[in-house]
Amino acid sequence: MSSLEELDEEARGLLRRVLESLGYRQRSAANIRGHGLKLLPDVTSKQALLAELHAHLGAVALAEELHGAAGGEDPYDRFRERMERIPYPTTRMDLSACLALTEKAEAALSRAYVESRVAPLADLAGRVVAAERPFTQGELERFVAFAQEPDNRPRAQECFDRWLLLCLGAFGRPGTAGDARAVSLGLRRVGVAEVVEGFLEDVDGLRTAAGLDWPRFAVGLELTAEATQRMGLGTR
């Protein structure tokens, strides 16, 4: 593994971009949980969700500290406008679907950095992957149980489609020069295409348990042939 001091400027620049993306996702996760507090009726649930919010903010602090050590300035300025466009859940069940899917997306992305040659990045990614989020797990189970009821399935499918497509849009474009370079420099273990495939494989278990279908359309998303085939797009 390498320390920050051993990286050349190209690797440092890519590292800063990785950390900006990680910080953006962790801030988004914290903001969604903050918004979600008003959708919960009881104090116990609010406290459990609040604990997860604090954990995400801890990851934000570590990412920003590492970003500064890699020569970056305030990373928030890089994605301030994107933060203003973050969608928020509108109901408790929408929150359940949101947490279930965004958590799987973040886990898939973070796992790709656990074996990074940059030791501080690998450590940060490992912390994100290893973090226990019992409230989110409970909401995943709540969503599956809700979706299994035939009368609830149309609404569950709507929530599933919404958050799955938003997650897929957050992975970035597969096969770009930056994607390939991040892998060749050892910052990330695999490319975006492989990360998306791992995410979809994980989501497939949730989808099957809930008795839901893949979305019928993925307008505006640049998906690999493998992802398109897995989701059955273009064959219906």
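Among (1) outside any helix (DSSP H, G or I); (2) in contact (Cβ under 8 Å) with a residue 24 or more places away in the chain; (3) farther than 29 Å from Glu20 by Cβ; (4) not small (Gly, Ala, Ser), there is one condition Asp204 misses while meeting the rest; what is its number?
So the condition that Asp204 fails would be (1).
Somewhere in the stretch 158-167, is a residue in contact (Cβ under 8 Å) with a residue 40 or more places away in the chain and not in a helix (DSSP H, G or I)?
no
Of these, Ala63, Ala55, Ala51, which one is assigned to a helix (DSSP H, G or I), under 21 Å from Val195 (Cβ atoms) and touching a residue at least 40 places away in the same chain (Cβ under 8 Å)?
Ala63
Evaluate the following for Asp213: is it farther than 20 Å from His56 by Cα and at pLDDT 95 or above?
yes
Here are Leu124, Leu109: which of them is under 14 Å from His56 (Cα atoms) and either crowded, with 24+ Cβ neighbours inside 10 Å or at pLDDT 95 or above (or both)? Break it down stepwise before answering.
Working: Leu109 fails: under 14 Å from His56 (Cα atoms).
After ruling out the rest, the residue left standing is Leu124.
Does Val192 count as touching a Gly at 6+ places or on another chain (Cβ under 8 Å), surrounded by 19 or more Cβ atoms within 10 Å (Cβ to Cβ), among the aliphatic types (A, V, I, L, M) and touching a residue at least 12 places away in the same chain (Cβ under 8 Å)?
The answer is yes for Val192.
Results for (1) modelled with pLDDT under 95; (2) surrounded by fewer than 17 Cβ atoms within 10 Å (Cβ to Cβ), shown as yes or no for each residue.
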| site | (1), (2) |
| --- | --- |
| Leu7 | yes, no |
| Leu14 | yes, no |
| Asn31 | no, yes |
| Ala51 | no, yes |
| Ala59 | no, no |
| Arg80 | yes, yes |
| Glu84 | yes, yes |
| Glu103 | no, no |
| Ser116 | no, no |
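The values are calculated or read from the model by the stated rules, or taken from the named source; none is laboratory data. In this text, all values refer to a predicted model and were calculated from it rather than measured experimentally. Cβ sites come from the backbone with ideal geometry, for glycine too, and all protein chains shown count toward neighbours.
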